[in-house]
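Have a look at the structure below, then the notes.
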Amino acid sequence: MFQGIPKPLIIFGVILIGGLEVVRLFPTILLIPSQIAGTKGENEGKALSPAAVQAQIDQQKAAALQAQTQAQLNLMQAQMAQMQTALTQSQIGETQAKQRLANSQANNQDLETLKTTAGLALLVGGAAYLADKMGVLPPSSGSSQASTQPTNYAQPTPSTSAPFETGRSDWHRWHDWEASLTGNRLAGVQYWASVRSKKPAALCANAPGGNSNEFQEACE
């Protein structure tokens, strides 16, 4: 093929073609170090990616655990607030119950006082009536001896009935008679006044220190 062509010319042509090829491939040759470095970095990145992935997974787990812990803390705080509210309501209910009990006791005491007062009035009126019928009470004229001032008896009015006026007059006579007593007689009357509302009624014979006839007579 190359017969008849001088060897120097063939050698020159080969050298020229080789030089042109080197010139054509020179940019690619220059990029070889960069490609090698990129490949090395890519390989290193691929080698480090599992650790980065694991770190990301660990971070996500930590965030999830923190969120769960915060949710449990919020739930505990809500439960504590509910317990505090229930405790406060219980204390308020207890205070109201104590107040109602105190009011009930006060009402019962007032009722007992009213019953006692009414019972005493009835007993005094009945006793005065019986004493008057039995002749135990002294005459009305003697009542001035028990007090320096006579009792002021109200005059009957059309608005009051005769039984009412009789009861009131007997009540005054009873007190005048009691004021005129002294010694064992007064002690007997005072003992009867202290036990007349008891049920069953106390007996004059069982009175402590009431052995004298005057005591028993006044008590009866």
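The values are calculated or read from the model by the stated rules, or taken from the named source; none is laboratory data. These numbers were taken from a predicted model, which means no experiment stands behind them. Virtual Cβ from ideal backbone geometry, glycine too; neighbours counted across all protein chains shown.
Can you name the residue in segment 7-66 that is basic (Lys, Arg) and loosely packed, with under 10 Cβ neighbours inside 10 Å and, of all such residues, is modelled with the highest pLDDT?
24
So, in segment 179-199, how many residues would count as being under 13 Å from residue 215 (Cβ atoms), polar (S, T, N, Q) and touching a helix residue (DSSP H, G or I) at 6+ places or on another chain (Cβ under 9 Å)?
Adding up the residues that qualify gives 2.
Looking at 35, 72, 60, which is the one that is in a helix (DSSP H, G or I) and under 36 Å from the mean Cα position of the chain (by Cα)?
Criteria check complete, one pass: 72.
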